[in-house]
Structure formats: structure tokens, C-alpha cells
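Notes for the one structure printed next.
Any read-out appearing in this document is the output of simple, stated calculations on the displayed coordinates, not a laboratory observation. On a predicted model such as this, the values are computed, not experimentally measured, just so you know. Cβ coordinates were reconstructed from backbone atoms using ideal geometry, including for glycine residues, and neighbour counts include every protein chain displayed.
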Amino acid sequence: MRHLRLTLLAPPLLLISAFVLLPILIALYASLRQDGQWSLGHYLAFLQRGQYLAALANTALFAGSAAVASVLLALPACAYLSWRQGRLLRLLGASLLLALAISGLLRILSWQILLSRSGPLNTALLSLGWLEQPLDLLYTRLAVLLGMTQIMLPVAALILLAGLRGLDPSLALAARTLGAGFWQVARDIWWPQLRRPLANALLAVFALSCGFFFLPALLGGPGDTVLGKLMHDDLVYDFEQGAALAAASGIAMTLLVLLVTLLCLLLGGRPFQRRSHS
């Protein structure tokens, strides 16, 4: 049995090593080499340049906000539909997959049109008399958050749907019948069942959102630069001098994702604790 388990685990472990661990190790090696010697100079340059620290903070802010917003928006509908079977659930799954297939650039263009000063939203508010002049909604942090949340919402919904399929609403009904209050049911019944799907969805959305450098560049303002954009500029416009600094920036982003991974693992309920089999 143990030999079979190792055989089944070998292919995914090889894929993870080839496409995840190996690029990280290459970036780590490049970030620690300077003038043919081992050095922390690129990390010191990263810490001493204010725009890189600000970009890292923006990355964490946008990715964290998008993760929380998309999960909160998807959770009620996913919890309701997870108790249902049949055509409606299949239709929702197909719709979410279709939404993921739509180009991100096309969705960004839609937000640019919608939020512009002459776009449909401002035009409607002006025609209703709710505004005297158009709002500057485009090239703001709000625009970045709206665009990122809209793109990542299907991802959060698919993960939550998969994780919530095992929920049993009869447990909450039985607890209420026995006299348990709403908050007691939420704490003792719902939370233990919800915490792991929530942690998985939050982590997936956060990790994917960290790489969205093009979205803040097209929807945000000058102060909304994320770390991925600086890495892109270092690699494209000054590869010889900027590649190592981009590698150091990538390691910093990896550490950020690892930190959030640890927090989500704790939120999910001590996943490293060995379960007892009775």
C-alpha cells in the first residue's frame, strides 16, 4: 500500500518540482548573485527603494481586498446552491467556467468604458439628477478593486461550491430544534464546516491576484503600482541590470504568498494535525 501511494504521488510531485520549486530556486539563486559573488545586495536595494516597498504593500492590499470581497460575494449563493441538485447547479457551473474563459483584457476594457467620465454609469447618475458633475471613478483604487474582484469571483465561487457540497443543513435545523440560538449554531455548526472552503478560496484568489500587474496599470492611478509591474519593467527595459532585482522582488512576493498560505492553513483548522482513526 505504501509503495502504491508513493507511485501515485510521484507524478504530481515531479510536476510541482519542475514548474513551482525549480523556478523559485532559480530566482533565489539569481537574487543572491552579484558580480559573480554571493551577496544580499539586491535585497538591500529592494528594501532601500521606497517604490518597491510601496508596490509590495499595494500588492498585498489589492490581492487581500479582492480575496475577501470575492469570497463574501460568492459565499451566500454558493451555500444556497450547494444544497440543491440538478439543472440549476450545472447551469451555474457552466456559467462560471464561461466567465473564466473570457479574456481579462476584454473585462478591463469593459470597466474602463463603464467607469469613464462619459461612461454609462456617470451618464445614468447625471440623467437621474443624483450628480451635478461626473465622478472620477476610473484610474482609482476602487476601479482596481472592482476589476480584480469581478475577474476572481468565478474562481472563488468554483472553490466554494466544491468545498460546500458536503454541508448538511439538517444539522443546523436539529440544533435549532434543540434550542440552540443563531450565533451558537453559526459557531458550532456552520463555522467548522465553512472554515476550510473559505481558507482555500481566500488563498487561491490572493495568490492569483498577486500576479495581476496589468490590471492596476490599466485601471489604477500612478500610486497604485504593484510589484509585478516593477518586475516587468526591470525585465523588459533593463534586463542586464534589473533581472537580479526582479528576482529579489519575486522572492519577496513568494514570501508574501507563503505568509498568507500559513494564515489560511491556520484558518482552515490545523491541517498538519494528524487525525485519529477510531
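Roughly how many Å is it from the Cα centre of segment 1-49 to that of segment 126-144, as a whole number?
The distance from the Cα centre of segment 1-49 to that of segment 126-144 comes to 45 Å.
After finding the eigenvalues of the alpha carbon gyration tensor for segment 101-196, what semi-axes result from the square roots of 5 times each, listed largest first in whole Å?
42, 19, 10
What residue among Trp111, Trp83, Trp130 has the largest mean-square fluctuation in a Gaussian network model of the chain, using Cα springs under 10 Å?
Trp130
Only four residue types carry charge here, +1 at the Cβ of Lys and Arg and -1 at the Cβ of Asp and Glu. Report the dipole size of the chain about the Cα centre in Debye, rounded to the nearest 20.
Charge dipole of the chain: 1400 debye, to the nearest 20.
First check a/c for segment 1-133, with a ≥ b ≥ c the square roots of the eigenvalues of its C-alpha gyration tensor; if it is under 1.5, answer rounded, and if not, answer prolate when a/b is larger than b/c or oblate otherwise.
Cα axes put segment 1-133 in the oblate bin.
Between [x] 36, 32, 17; [y] 45, 22, 16; [z] 28, 23, 19, which matches semi-axes √(5λ) of the Cα gyration tensor in Å calculated for the structure shown?
Read-out taken from this structure: [x].
In percent, how large is the relative contact order of the chain, given Cα pairs closer than 8 Å and 6 or more residues apart?
Normalised by residue count, the contact order of the chain is 28 percent.
May I ask for the distance between the Cα centers of segment 72-120 and segment 211-227, given as a whole number of Å?
22 Å
Need one word for segment 79-134: rounded, prolate or oblate. Basis is the Cα gyration tensor (sqrt eigenvalues a ≥ b ≥ c); a/c below 1.5 gives rounded, then a/b vs b/c decides.
Taking the square roots of the gyration eigenvalues as a ≥ b ≥ c, segment 79-134 is oblate.
By the gyration tensor of its Cα atoms, with a ≥ b ≥ c the square roots of the eigenvalues, what is the shape of segment 121-278: rounded for a/c under 1.5, prolate for a/b over b/c, or oblate?
Oblate, since a/c reaches 1.5 and b/c is not below a/b.
Give me Phe62, Phe214, Phe46 ranked fewest to most by other Cβ atoms within 10 Å of their Cβ, as a rough exposure proxy.
With the fewest neighbours first, Phe62, Phe214, Phe46 line up as Phe214, Phe46, Phe62.
Could you list Tyr52, Tyr80, Tyr237 in order of exposure, starting from the residue whose Cβ has the fewest other Cβ atoms within 10 Å?
Going from sparsest to densest Cβ surroundings: Tyr237, Tyr80, Tyr52.
Ignoring everything except DSSP H segments at least 4 long, calculate the 222 nm mean residue ellipticity for the chain; use -39,500 (n - 2.57) per segment, divide by total residues, nearest 500.
So the helix-based figure for the chain works out to -23500 deg cm²/dmol.
Quick check for me: using +1 on Lys/Arg Cβ and -1 on Asp/Glu Cβ, what's the dipole size of segment 173-278 about its Cα centre, in debye to the nearest 20?
1040 debye
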